[in-house]
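One structure is given here, and the rest of the page talks about it.
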Amino acid sequence: MTFGEQPAYLRVADDLRKQIVSGTLPPHTRLPSQARIREEYGVSDTVALEARKVLMAEGLVEGRSGSGTYVRERPVPRRVSRAAYRHRGGLSPFRQEQAEAGVRGTWESRSEQDLADADVARRLALEPGDRVMRTSYVFRDAGEAMMLSTSWEPLVITGRTPVMLPEEGPLGGCGVVERMAAIDVIVDNVAEEVGARPGLAEELHLLGGVPGHVVLVIERTYYASGRPVETADVVIPADRYRVAYHLPVK
């Protein structure tokens with residue numbers, strides 16, 4: 001193989017991908033069998049199998065037990081808006097985004113005390129093993145799971161206060177800024193880092209994805225005078241949503 005030349009299985013996968021994207025192989029069409037790929041492209045069984053694995057890992061095809069491999073329906077990506085924090089009567093960021101889009105989202109949440117692992121401790125400037133309140137969310141749009149979030153708040157700040165449980169009490173369901181202000185902690189900065197990775201099995205189960213699907217992960221941290229007071233991982237299926245940022249020019 002010369003420098004820059006693709007391996008055979010990638011060349012086969014690339015050609016099949018083009019057929020899927022162009023509509024030559026439309027959704028719900030059966031993918032050519034391994035034997036047919038071998039014959040049409042003049043490759044080995046191993047190459048044909050690896051090409052099919054690539055398409056499956058990319059979420060373009062899916063296997064159906066006892067039937068074969070079929071082209072998946074390709075969803076039209078929808079937008080999840082992210083914006084600089086704006087005070088909107090105590091609305092959380094998710095509620096703000098849903099209100100601006102003119103839709104009514106729902107969510108489920110569960111909060112429980114936990115011990116900060118090394119990563120959470122680093123993000124919250126704590127020691128590993130310090131106590132935090134961990135809250136897990138599943139956000140839905142028109143009944144479809146669209147986003148997951150796990151947040152952690154240091155109990156050294158919120159413990160034994162009315163805002164210790166993010167979704168309960170007088171400020172339950174309000175944003176971090178309002179809840180922290182209620183205990184005289186003034187949030188003045190928020191940072192987000194966006195990355196991508198294969199979804200974990202539990203995440204894809206909740207989001208309705210298949211193994212190998214990629215998710216976007218937004219690592220968000222709120223600060224008060226340089227001190228982190230909440231951090232969260234927001235997980236969004238990359239094949240169904242795009243993250244759009246709207247940032248003011250100062």
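Helical content of the chain, expressed as a calculated mean residue ellipticity at 222 nm, amounts to -7500 deg cm²/dmol (DSSP H runs of 4 or more residues, -39,500 (n - 2.57) each, divided by residue number, nearest 500).
Under a Gaussian network description of the chain, with springs only between Cα atoms under 10 Å, the residue in ASP141, ASP130, ASP184 that fluctuates furthest is ASP184. A Förster radius of 41 Å combined with the Cβ-Cβ distance from GLU58 to ILE183 puts the calculated FRET efficiency at roughly 0.30.
Ligands, DNA and RNA left out, the accessible area of the chain computed with a 1.4 Å probe is 53% carbon and sulfur. Ordered by 1.4 Å accessible area with all protein chains kept, MET164, MET56 run largest first as MET56, MET164.
Go ahead and set up a Gaussian network model of the chain, Cα springs under 10 Å, then flag whichever of ASP233, ASP114, ASP14 fluctuates most. In the Gaussian network model the winner is ASP14.
With every protein chain kept in place and ligands, DNA and RNA left out, what is the accessible area per residue of the chain? Probe 1.4 Å, answer in Å². Could you put the intermediate results ahead of the total?
Values: 13850 Å² over 250 residues.
Per-residue value: 55 Å².
Computed about its Cα centre, the charge dipole of the chain is approximately 720 debye, with only Lys, Arg, Asp and Glu carrying charge at their Cβ. The label point for ASP14 and the one for LEU115, both projected 7 Å from the Cα toward the Cβ, are 5.1 nm apart.
Charges only on Cβ, +1 for Lys and Arg, -1 for Asp and Glu: so what's the dipole of segment 125-244 about the Cα centre, in debye to the nearest 20? Don't skip to the answer; put the middle values down first.
Working: 10 positive and 18 negative charges, 14 e Å.
Value, rounded to 20: 60 debye.
Around the Cα centre of segment 1-46, unit charges on the Cβ atoms of Lys, Arg, Asp and Glu (plus for the first two, minus for the last two) sum to a dipole of about 180 debye. Couplings for segment 232-246, taken from phi via the Karplus curve 6.51 cos²θ - 1.76 cosθ + 1.60 with θ = phi - 60°, read 8, 10, 9, 10, 10, x, 6, 7, 10, 9, 10, 9, 10, 9, 10 Hz in order; Gly and Pro are left as x. A dipole drawn for the chain from +1 and -1 charges on Cβ atoms has a positive end, and of SER111, GLY209, PRO170 the residue lying farthest that way is GLY209.
The values are calculated or read from the model by the stated rules, or taken from the named source; none is laboratory data. Here the structure is a predicted model, which is why all the values come from computation and not from measurement. Methodologically, a virtual Cβ is constructed for each residue, glycine included, from the backbone with ideal geometry; neighbour enumeration extends over all protein chains shown. Surface accessibility is based on the protein's heavy atoms, side chains included, excluding ligands, DNA and RNA. Shrake-Rupley method; radii C 1.70, N 1.55, O 1.52, S 1.80 Å.
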